[in-house]
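Each remark here refers to the structure printed beneath this line.
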Amino acid sequence: YFPFFDLDKEQMRKKSVHTFESTEKDIFFGTLLTDLVVYLFFPLDLLPSKDGQDLTESFLLHVVDILLHYIQKTFDVKSKVLDFHHPHQLLEGLDGFSLELSDHPESLEQLLVDCTDTLKYGVKTGHPRFLNQLSSGLDVIGLAGEWLTATANANMFTYEIAPVFTVMETILLKKMYEIIGWGETEGDGLFSPGGSISNLYGILTARYKQYPEIKRKGMTVLPGIVLFVSEQGHYSVKKAAAILGIGTDNVIEVKCDERGKMIPAELEKNILQAKRKGQTPFCVTATAGSTVLGAFDPLQDVADICERHNLWMHVDAAWGGGLLLSRNHSYKLSGIERANSVTWNPHKLMGVPLQCSAILIREKGLLEACNQMQAGYLFQPDKLYNVDFDTGDKTIQCGRHVDIFKLWLMWKAKGTSGFEAQINRYMELAKYFYKVLKKKDNFKLVLDAEPEFTNVCFWYFPPRLKHIPKGFERDQELQKIAPKIKAQMLEEGTAMISYQPCGDKVNFFRMVFSNPATRQTDVDYLIDEIERLGKDL
Ligand code: ABU
């Protein structure tokens with residue numbers, strides 16, 4: 001006899017929540033014991049099976065309980081950011097968690113254990129001390145948006161399949177054109193699977209605009225085309241050149257100043273040099289918020305040069321685009337309104353759950369002309385509605401994920417002013433972090449000037465290194481410090497921050513603020529933690 005069968009669903013649900021304490025496994029089993037209905041069944045018993053309604057509800061409530069527990073842990077600063085294991089350990093299986101797939105169906109019980117374990121061995125990217133990536137944080141409204149999106153399981157290629165979402169996309173794109181400063185009728189765009197793909201779209205469209213015959217005839221009819229990006233620009237520009245058959249050798253890297261900004265005079269010099277060599281420049285990618293240093297290229301100057309040489313100007317504002325929402329800081333992107341195309345990832349500074357990236361083109365119709373294949377089975381011109389909303393033929397994909405709803409819902413929830421406040425707070429945190437580090441003699445900033453963005457790059461010097469004079473020998477030692485500290489941090493699960501070498505600079509840490517859960521106390525903690533882990537190295 002199972003006493004839990006006497007409880008109604010609401011009582012069982014309360015009991016499940018009540019049992020949320022101690023370890024994940026205990027929670028799971030606590031939950032399980034309160035609802036043996038789920039324990040006894042298999043996935044085939046869920047909807048759409050004839051009597052699956054109650055079991056489906058019970059199963060999904062269990063899943064929600066697992067997620068709620070995870071969310072609570074994520075925001076609990078005392079919990080670990082991660083429970084690190086090596087790939088071979090996950091492959092071998094951990095404490096009953098096996099990634100292997102079987103031929104027979106697993107029970108609902110097993111699936112709930114698997115959900116719990118998947119979260120247990122993952123990284124809590126919303127944890128206040130997860131500072132590793134440009135995209136971080138756990139926005140509860142965004143999460144609700146993802147749930148709804150997954151439930152709807154629509155495909156963005158046609159209005160027919162995604163009526164609300166396709167219209168929502170036009171509304172959001174219009175909002176983004178306005179914020180950039182484009183006229184109402186100028187803009188076109190799409191949400192794509194990430195900043196690299198958005199940059200690919202920018203370069204693809206630039207090439208098509210100049211050479212529309214490329215679509216039919218391919219690269220053989222083109223002159224030797226080249227494009228330009230700063231040496232601090234994102235590697236996806238080279239990837240795009242490789243994918244598009246332009247070739248990475250034809251991506252010319254423009255020198256930057258000490259802050260990591262493209263030097264306009266160098267850009268013009270490179271363009272003239274290329275022309276002298278018989279190459280044909282067609283596009284410049286400027287960066288607004290570089291990945292490592294957080295640098296903003298001088299967009300007005302780049303726009304002047306592009307106009308002089310009749311070049312397409314693409315702005316990679318994947319990271320920095322969100323700053324347009326801050327009246328205090330948007331001037332750093334002045335000139336973006338003169339761009340022909342812009343990449344802007346709301347999944348970075350704006351904290352929208354991955355993935356959410358827009359490519360915005362300042363000419364209506366180009367995207368479609370460039371990519372259209374008129375598949376008759378999807379894009380029938382004689383449908384009952386306005387087929388302008390069938391956006392699928394503008395894309396390089398066929399099926400396209402709905403990335404718009406979570407952004408729309410978050411914008412509703414925060415308003416533009418809410419995003420602005422959040423972003424201004426990150427900028428304040430970056431300034432605070434910079435000021436604290438500047439006063440510490442065992443830390444050294446990579447850039448001496450106040451941060452322009454939320455990136456703050458720095459070295460930690462263990463006492464042993466402080467007395468070695470600047471030079472090759474010290475650099476040899478210094479480059480091992482950040483990886484060692486990071487390795488310890490991962491193993492202990494206390495925080496996550498990224499590091500990298502850059503140009504002639506050996507490994508340094510990159511702090512970035514884009515996580516709404518991070519507070520000044522977490523910043524202080526991180527500094528102490530780096531000192532604790534690094535002082536004896
Ligand atoms: N450009 C992709 C994001 C890289 C980062 O999160 O550090």
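Just so it is clear, none of the values below were taken in a lab; they were calculated from the coordinates. Keep in mind that what you see is a predicted model, and the values were worked out from it rather than measured. Every residue, glycine as well, gets a Cβ built from its backbone with ideal geometry; the counts of neighbours run over all protein chains shown.
Remarks
- Those residues of the stretch 418-444 whose amide nitrogen sits under 11 Å from the label point placed on ARG464, 7 Å along Cα→Cβ: none
- Between the alpha-carbon centres of the stretch 341-414 and the stretch 227-251 there is a gap of 24 Å.
- The stretch 206-241 residues near the modelled GLN374 label - backbone nitrogen below 18 Å, point 7 Å along Cα→Cβ: 212-217
- Our analysis of the stretch 263-394 gives Rg over Rh at 1.07, with the two radii drawn from alpha carbon positions and Rh computed by the Kirkwood formula.
- Over the stretch 388-486, volume per residue of the alpha carbon convex hull, in Å³: 211 Å³
- Rounded to the nearest 20 debye, the dipole magnitude of the stretch 254-374 is 120 debye, with +1 charges on Lys and Arg beta carbons, -1 on Asp and Glu beta carbons, and the Cα centre as origin.
- Tail weight of P(r) past 12 Å, computed on alpha-carbon pairs of the stretch 124-174, percent: 72 percent
- Length added when fully stretched, ILE71-LYS431, from 0.36 nm per residue minus Cα-Cα: 126.7 nm
- Computed from the C-beta positions of LYS215 and ALA144, the FRET efficiency with R₀ = 35 Å rounds to 0.30.
- Charge dipole (the chain, unit charges on Cβ, about Cα centre) - positive-most of GLN89, LEU204, PHE458: PHE458
- When DSSP beta bridges are restricted to pairs lying wholly in the chain, around 55% turn out antiparallel.
- Working note: Cα atoms of the stretch 73-123, range along each principal axis, descending, whole Å: 40, 25, 14.
- Counting every other Cβ atom within 10 Å of each residue's Cβ, VAL229, VAL113, VAL402, VAL64 order from fewest to most as VAL64, VAL113, VAL402, VAL229.
- Length-normalised contact order for the stretch 34-156 - Cα pairs under 8 Å, 6+ apart - percent: 30 percent
- Cα-centre dipole for the chain with unit charges at Cβ (Lys and Arg positive, Asp and Glu negative), debye to 20: 2220 debye
- Here the calculated FRET efficiency for GLU307 and ILE171, from their Cβ-Cβ distance with R0 = 35 Å, stands at 0.65, rounded to the nearest 0.05.
- The stretch 136-177-the stretch 481-537 distance, computed between alpha-carbon centres (Å): 35 Å
- Here the convex hull built on the C-alpha positions of the chain has a volume of 189 cubic angstrom per residue.
- All Cα-Cα separations within the stretch 431-495 were binned at 5 Å from zero, giving a P(r) of 3, 15, 22, 21, 21, 14, 3, each value a whole percent of the pairs.
- Label point at VAL164 placed 7 Å out along Cα→Cβ; residues across the stretch 408-437 whose backbone nitrogen lies under 19 Å: 408-415
- The stretch 87-127 and the stretch 422-455: distance between their alpha carbon centers, rounded to Å: 39 Å
- Inter-site label distance for LYS444 and PHE389 at 7 Å from Cα along Cβ, in nm: 6.0 nm
- P(r), alpha carbons of the stretch 352-400 - 5 Å bins starting at zero, rounded %: 4, 17, 25, 24, 16, 10, 3, 0
- Computed over the stretch 423-537, the alpha-carbon pair-distance distribution with 10 angstrom bins reads 13, 48, 33, 6, 0, each value a whole percent.
- Taking 7 Å steps out from each Cα toward its Cβ at GLU92 and ALA242 produces label points 3.4 nm apart.
- What the Cβ-Cβ distance of ALA421 and GLU57 gives, at R0 = 41 Å and to the nearest 0.05, is a FRET efficiency of 0.60.
- Each pair of Cα atoms in the stretch 54-180 enters the Kirkwood radius, and Stokes-Einstein at 25 °C and 0.890 mPa s then converts it into a translational diffusion coefficient of 137 µm²/s.
- Computed over the stretch 120-173: relative contact order in percent, which uses C-alpha pairs under 8 Å that are six or more apart: 16 percent
- Helix-only arithmetic for the chain: the sum of -39500 (n - 2.57) across DSSP H runs with n ≥ 4, divided by the residue total, places the mean residue ellipticity at 222 nm at -13500 deg cm²/dmol.
- Using only side-chain charges placed at the Cβ, +1 for Lys and Arg and -1 for Asp and Glu, the dipole size of the stretch 167-243 relative to its Cα centre rounds to 400 debye.
- Each other residue within a Cβ distance under 14 Å of VAL167 adds +1 if Lys or Arg and -1 if Asp or Glu, for a net charge of -2.
- Axial C-alpha extent at least 24 Å, average Kyte-Doolittle at least -0.5 - helices from the chain (DSSP): 53-75, 163-180, 404-439
- Relative contact order (%) - the chain, alpha-carbon pairs under 8 angstrom, separation at least six: 17 percent
- Calculated Rg and Dmax of the stretch 199-325 using C-alpha coordinates, Å: 13.9, 44
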